[in-house]
Amino acid sequence: MKIKLDRTLCAGFGICAKHAPEHFPLDDWGYASLAGAPVIAPTDQPAITRALLDCPVHAITTVPDRGHPGVTSGPSGADIIQQ
């Protein structure tokens with residue numbers, strides 16, 4: 001699974017940090033950033049998917065990762081990727 005966080009869309013709700021704090025730390029103003037690589041380990045995918053689905057402004061999206069083994073599909077059937 002690979003994800004993208006669009007910081008220009010982030011409104012600072014912090015829901016992503018609640019679900020996956022190790023992947024979405026908040027800056028000094030309460031806006032999320034993406035920590036580490038955008039490729040998400042299978043063990044972290046449930047928390048990332050919950051963060052993605054609960055984001056009120058849809059700042060987190062998935063991106064197809066055609067070259068990475070173990071790519072999974074998101075809820076809509078599309079591969080999950082992050083920029």
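Run the numbers for residue 8 and residue 54: contour at 0.36 nm per residue of separation, minus the present Cα-Cα distance, in nm. Let's see the in-between values first.
Working: separation 46, 0.36 × 46 = 16.56 nm, distance 1.73 nm.
Here the answer is 14.8 nm.
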**Assigned charges on the beta-carbon of Lys, Arg, Asp, Glu; the stretch 3-62 dipole about Cα centre (debye)** = 140 debye
**Asked** If each of residue 41 and residue 28 carries a label point 7 Å out from its Cα toward its Cβ, how far apart are those two points in nm?
**Response** 3.1 nm
**Asked** Going by a ≥ b ≥ c, the root eigenvalues of the Cα gyration tensor, does the stretch 3-62 fall in the rounded group (a/c under 1.5), the prolate group (a/b larger than b/c) or the oblate group?
**Response** prolate
**Dipole of the stretch 1-56 [Lys/Arg +1, Asp/Glu -1 at C-beta], most positive-end residue of 19, 53, 9** = 53
**Request:** In nm, give the distance between the simple-model label positions of residue 18 and residue 66, each being 7 Å from the Cα along the Cα-to-Cβ direction.
**Result:** 3.8 nm
**Request:** Starting at the first residue of the stretch 31-44, write each ³J(HN,Hα) from the Karplus equation 6.51 cos²θ - 1.76 cosθ + 1.60 with θ = phi - 60°, in whole Hz, x for Gly and Pro.
**Result:** 9, 6, 9, 9, 9, x, 6, x, 7, 9, 5, x, 5, 8
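We did not get these values from a lab; they are worked out from the coordinates using the rules stated. Treat the numbers as computed from the prediction; the structure is a model and nothing was measured. Heads up, the Cβs are rebuilt from the backbone with ideal geometry, glycines too, and the neighbour counts pull from every protein chain shown.
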